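Right, one structure below, let's go through it.
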Amino acid sequence: GESVGLHLPTLSVQEGDNSIINCAYSNSASDYFIWYKQESGKGPQFIIDIRSNMDKRQGQRVTVLLNKTVKHLSLQIAATQPGDSAVYFCAENNNAGNMLTFGGGTRLMVKP
Amino acid sequence: ETGVTQSPTHLIKTRGQQVTLRCSSQSGHNTVSWYQQALGQGPQFIFQYYREEENGRGNFPPRFSGLQFPNYSSELNVNALELDDSALYLCASRSGTGVSGNTIYFGEGSWLTVV
């Protein structure tokens, strides 16, 4: 299938290591943030979300951290697996709008 | 599987032609939005439909238009196609209008190539 991330920043990690993917957002009014995973030839897949009244949220093997002071979002993946290889996007929304604004994406490559 | 289905999966059109892309939203989801994703970039919001009316639009020209039907399925129409319209077109559905707190599910997209 077609690739959606030919020239994206790339993070390469060893299988079993932890991964940290970072995202800077620009709108201080944004109050809801989502991380999506996109595999080649597929649509974005929801991973985890967080509201602005929280600074940390955990899911299965994933944790999202939100630092509103510096407008920074990160996704931590524990014990990274080959199936985690994909492009990861952060998206933000503010209550005034109905749209998600996506970041540029990061390609995660997991080495066996 | 997200329950959001799109058709066609791939198509090729000639510059100046018109195209219609279709989306069937997840059961119970009354809000559908469309995004354009150019190669190597994140998705860009085109517009959103709630109960058959457009209730939000991104920075796209009027030749991008849409419809939502009573069963909440949706169409994206693009007239006078340009080469830069070549992209992956994504449909997303959710329940309600406010984004916060309502999980948004994406379909697999329709790849459009304009030659």
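Summary table
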read-out	value
One residue from A:Ser19, A:Ser30, A:Ser12 being hydroxyl-bearing (Ser, Thr, Tyr) and modelled with pLDDT under 95	A:Ser30
Wholly within segment A:49-112, strands (runs of 3 or more DSSP E) carrying at least 2 residues that are in contact (Cβ under 8 Å) with a residue 60 or more places away in the chain	A:86-93, A:106-111
Qualifying residue in segment A:23-42 (condition: farther than 29 Å from B:Tyr49 by Cβ and within 11 Å of the chain's Cα centre (by Cα))	yes
In segment A:77-112, residue farthest from the other protein chains (Cβ to nearest Cβ) [restricted to those that are over 28 Å from B:Ser33 (Cα atoms) and either within 15 Å of the chain's Cα centre (by Cα) or hydrophobic (A, V, I, L, M, F, W, C) (or both)]	A:Ala79
Output for segment A:28-40, where each listed residue is more than 8 Å from chain B (Cβ to nearest Cβ) and closer than 17 Å to A:Arg107 by Cβ	A:Trp35, A:Lys37, A:Gln38, A:Glu39, A:Ser40
Count - residues of segment A:21-48 that are assigned to a loop (DSSP other than H, G, I, E, B) and not hydrophobic (A, V, I, L, M, F, W, C)	12
Residue match in segment B:95-110 (condition: of a type in the set (A, V, I, L, M) and over 25 Å from A:Arg51 (Cβ atoms))	no
Only one of A:Ile50, A:Ile77, A:Ile20 that is over 20 Å from B:Gly42 (Cα atoms) and aliphatic (A, V, I, L, M)	A:Ile77
Residue that is within 14 Å of A:Gly43 (Cβ to Cβ), without any contact (Cβ under 8 Å) to a residue 40 or more places away in the chain and surrounded by 13 or more Cβ atoms within 10 Å (Cβ to Cβ), where the choices are B:Gly42, B:Gly56	B:Gly42
Residue selected from segment B:1-51 under the condition within 15 Å of B:Val78 (Cα to Cα) and assigned to a loop (DSSP other than H, G, I, E, B), by the criterion nearest to the other protein chains (Cβ to nearest Cβ)	B:Pro8
Matching residues, segment B:63-77, being within 26 Å of B:Ser27 (Cα to Cα) and either at pLDDT 95 or above or assigned to a strand (DSSP E or B) (or both)	B:Phe64, B:Ser65, B:Gly66, B:Leu67, B:Gln68, B:Ser74, B:Glu75, B:Leu76, B:Asn77
Candidate set from segment A:33-71 (those that are over 30 Å from B:Thr9 (Cβ atoms) and among the hydroxyl-bearing types (Ser, Thr, Tyr)); member that is modelled with the highest pLDDT	A:Thr63
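The values are calculated or read from the model by the stated rules, or taken from the named source; none is laboratory data. These numbers come from a predicted model, not from an experiment. When we count neighbours, we look across all protein chains shown, and the Cβ atoms used for this are built from the backbone with ideal geometry, even at glycine.
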